[in-house]
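Okay, so here's the structure we're looking at.
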Amino acid sequence: MLLLALDTSAAATVALLRDDVVVGRFGSADTRSHAEVLAPAVQRILADAGVAGPDLDGIVAGVGPGPFTGLRAGLVTARTLGFVWDVPLLGVLSLDALAFDAVAGRAVPAGGGFLVGTDARRGEVYWAAYRAPADGSRLPELLDGPHVGAAATLPQGMPLAGRAASLYPDDLDGLPALATSDPDAVPLARVARCRLLAGEPLRDTAPLYLRESDARVPGPRKRATA
Amino acid sequence: MTREEPLVLGIESSCDETGVGIVRGTQLLTNTVSSSMDEHVRFGGVIPEIASRAHLEAFVPTLRTALDDAGVTLDELDAIAVTAGPGLSGALMVGVSAAKALAVATGKPLYAINHLVAHVGVGMLGDTFADGLPPDLGALLVSGGHTEILRVGNIASDVELLGSTIDDAAGEAYDKTARILGLGYPGGPAIDRLAREGDPKAIRFPRGLSQPKYMGTAEQPGPHRYDWSFSGLKTAVARSVEQYEAAGIDVPVADIAASFQEAVVDIITSKAVLACREHGITNLLLGGGVAANRRLRELAAERCAAAGITLTVPAPSLCTDNGAMVAALGARIVMDGGSPSGTAFGTDPSLPVTRIVLAAAREDRT
Ligand SMILES: [Zn+2]
């Protein structure tokens, strides 16, 4: 199974996986240049691997939640590639990638509950609650979320995977190995692959903004009265 | 790639229109546009985040419709062109990301081009001008996003900004004034309609930047000889409305609309014609969404005729933001042997008109 994955919910990351093997990977720590770096990265990774777009079995897209502009750059890229190459689009919650990392790295005990949290800016985090699989499966189970809110409002008593832990150490109990991690295209692709192999459905690529645009309907003009 | 009559697909997303146009040389094959205007109505103006969200949802469907409408496949394209700026940052990024993905997926060269110059590019399409762009050409662009007068020496290599608004765009002034008068959004058509019933001379609203200290003389131009300002005009309208209300008199909405419109089109056309006369421009193209305004067209025609300037107004669907104009300029650049922009360039919300096509970033030039 040949999957190209893109996640732009935080950093811009791209990965090409043949079955479980990472064939190519790109990651940019800069969260504001997604529109610049994404397409060249896809081009380079496919060229280096000698893979033609139509050979792909799927394009995996991280659907957020994440800051809007970067998220859109990834989603419009994935949708356009999928359209031109006629390759299926596979949407995955970006937080699932971090949850997958937490389970794969044995950072959480089998059957144990944990949180995933990323930087939502404006003093808030994007988060979700998961349970690690107890039966030897690789996929964590999403229990609650995704949500956006202040770190102090998250459920207490569960460890957290993701950058939110290092941003709000007073409020969150971070898993040390994953306290500065962002969602990445490699585990994102693995989540999609596990779901496909298990015959589970995947999401569409609708973005998870979780916040309305800041637009306000203007109030009526104040009338001057005599 | 054929440089004779290249088949070029153009992508536009700088404001609230998602446009995909396809041209073969100077022949228009499709001009497909999806607008998010309806979603902005309740806010009384374009909300950048809402426009950006709409671009993401509209892009692939608009692309598919454009290809079907033109009856061409992506394989047949010679090049892709996209608006890289100026415009709303988040909106530009959707179109640019999509265009880059399209270029990577098809292997076609990508040209990142200037939105304002592309507005002039529609002059090359169809029968806008019988023999292509004429010499001594200028362009007056009036819309919700811009108000500019350009000198166009060569559309692919020599464009100069002679003047522009220093605050609100003219279309923005219409929207804000319409809101003051309770006329809804978009303001241009609403005010234009109501203005017909009003007296344009009822109230003398200010003509921004028309004082001698801004204008100077032809020999010694002032700092804003060909520039416009509309923010003071909007304030004057608000004050006028308040005065009627404070006096307990019914607000003469039609007279205010007509007088406001007269102030806008008077200063736009007088400065544009002045810039033309002082820069040897004898052919003026009127573009942008406000080119559809009845009074602007009327007064521009009258004043251009008096000054010996030939005024050309393209079809309305080519005046508002669209992908065909991007494709048309892209095709011109291909025909002139211009270099593609690669896929590593960035968007530029304030791209100057002197940058007509972006050069490839260094990592592309290996
Ligand atoms: Zn425009």
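If you put +1 on each Lys and Arg Cβ and -1 on each Asp and Glu Cβ, how big is the dipole of chain A around its Cα centre, in Debye rounded to 20? Roughly 840 debye, rounded to the nearest 20.
Each Lys and Arg contributes +1 and each Asp and Glu -1, all at the Cβ; summed about the Cα centre of region B:100-216, the dipole is approximately 340 debye. Largest GNM mean-square fluctuation across A:Ala11, A:Ala215, A:Ala78, computed for chain A with C-alpha springs under 10 Å, falls on A:Ala215.
GNM on chain A, alpha-carbon springs under 10 angstrom: the most fluctuating residue among A:Asp184, A:Asp101, A:Asp86 is A:Asp86.
Taking 20 Å as the cut-off, the amide N atoms of region B:234-263 that come nearer than this to a point 7 Å along the Cα-to-beta-carbon line of B:Ile166 belong to B:234-237, B:263. With the highest mean first, a sort of the peptides B:191-201, B:313-323 on other beta-carbon atoms found within 10 angstrom per residue produces B:313-323, B:191-201.
Here the label points at B:Arg294 and A:Ala152, each 7 Å from Cα along the C-beta direction, are separated by 6.0 nm in the simple model.
Within the protein assembly as shown, DSSP assigns beta bridges of which about 65% are antiparallel (rounded to the nearest 5). Computed over chain B, the P(r) tail beyond 24 angstrom holds 56 percent of alpha carbon pairs. Taking each DSSP H run with n ≥ 4 as -39500 (n - 2.57) and averaging over every residue of the protein assembly as shown yields -11000 deg cm²/dmol at 222 nm.
Candidate cross-link partners of B:Lys271 among the lysines, defined by an alpha-carbon separation under 24 Å and a same-chain spacing of 8 or more, comprise B:Lys176, B:Lys201, B:Lys213, B:Lys234. Per residue, the convex hull spanned by the Cα atoms of region A:58-107 amounts to 68 cubic angstrom. Note on B:Lys100: lysines with a C-alpha under 20 Å away, same-chain residues under 8 apart excluded, are B:Lys108.
Taking amide H atoms as placed 1.01 Å from N in the peptide plane, the amide H of A:Leu90 lies under 5 Å from those of A:Ile59, A:Val60, A:Ala61, each 5 or more residues away in sequence or on another chain. The GluC sites (Glu not before Pro) of region B:218-297 that DSSP puts in a loop, and whose beta carbon has at most 15 other beta carbons within 10 Å, are B:Glu219.
For chain B, the per residue solvent-accessible surface stands at 37 Å², with DNA, RNA and ligands left out and a 1.4 Å probe.
Applying a length cut-off of 24 Å (Cα extent along the axis) and a mean Kyte-Doolittle floor of -0.5 to the DSSP H helices of chain A leaves A:68-85.
Computed over chain A, the percent of Cα pairs more than 26 Å apart is 36. Buried between B and A is an accessible area of approximately 3100 Å², summed over both sides with a 1.4 Å probe.
Peptides B:206-217, A:87-98, A:40-51 ranked from most to least packed give A:87-98, A:40-51, B:206-217, packing being the mean of other C-beta atoms within 10 angstrom over each peptide's residues. Among the helices of chain B, those built from whole DSSP H runs whose Cα atoms reach 20 Å or more along their own axis and whose mean Kyte-Doolittle hydropathy is at least 1.0 are B:89-106. For region A:15-31, putting each phi into the Karplus relation 6.51 cos²θ - 1.76 cosθ + 1.60 with θ = phi - 60° gives couplings of 9, 10, 10, 9, 6, 9, 9, 7, 8, x, 8, 9, x, 10, 6, 5, 8 Hz, in residue order, rounded to whole numbers and with x for Gly and Pro. On a per residue basis, the convex hull of the C-alpha atoms belonging to region A:47-181 measures out at 128 Å³. Amide H to amide H, with H built 1.01 Å from N, B:Leu28 comes under 5 Å of B:Gly126, counting only residues 5 or more places away or on other chains. With distances taken between every two different alpha-carbon atoms, region A:108-179 has a Kirkwood hydrodynamic radius of 12.1 Å.
Applied to region A:122-133, the Karplus parametrisation 6.51 cos²θ - 1.76 cosθ + 1.60 on θ = phi - 60° returns per-residue 3J(HN,Hα) values of 6, x, 10, 10, 8, 8, 7, 9, 10, 10, 5, x Hz, with x for Gly and Pro. Shown here for region A:58-120: trypsin sites (Lys or Arg not before Pro) in loop regions (DSSP other than H, G, I, E, B) with at most 12 other Cβ atoms within 10 Å, namely A:Arg106. Amide H contacts of B:Gly144 (H built 1.01 Å from N, in plane; Pro and chain starts excluded): B:Gly171, B:Gly289, B:Val290 sit under 5 Å, all sequence-distant by 5 or more or on other chains. Normalised by residue number, the volume inside the convex hull of the Cα atoms of region B:1-69 is 92 Å³ per residue. A viscosity of 1.002 mPa s and a temperature of 20 °C, combined with the Kirkwood radius over C-alpha pairs in the Stokes-Einstein formula, give region A:1-51 a diffusion coefficient of 195 µm²/s.
In summary, the convex hull built on the alpha carbon positions of the protein assembly as shown has an orientation-averaged projected area of 30.2 nm². Set the Förster distance to 25 Å, then compute FRET efficiency between B:Gln27 and B:Thr354 from the Cβ-Cβ distance, nearest 0.05. Once rounded, the FRET efficiency stands at 0.30. Taking +1 at the Cβ of each Lys and Arg and -1 at the Cβ of each Asp and Glu, which of A:Gly112, A:Ala150, A:Ala177 sits farthest along the dipole of region A:108-179 towards its positive end, judged by Cα position relative to the Cα centre? Of the candidates, A:Ala177 comes out farthest on the positive side. Among the residues of B:98-111, the average count of other protein chain beta-carbon atoms within 10 Å of the residue beta-carbon is 6.
The values are calculated or read from the model by the stated rules, or taken from the named source; none is laboratory data. Keep in mind that this is a model prediction, so the values were computed, not measured. Cβ atoms come from the backbone with ideal geometry, glycine included; neighbour counts cover every protein chain shown. SASA here: full protein model, heavy atoms, side chains in, ligands and nucleic acids out. Shrake-Rupley method; radii C 1.70, N 1.55, O 1.52, S 1.80 Å.
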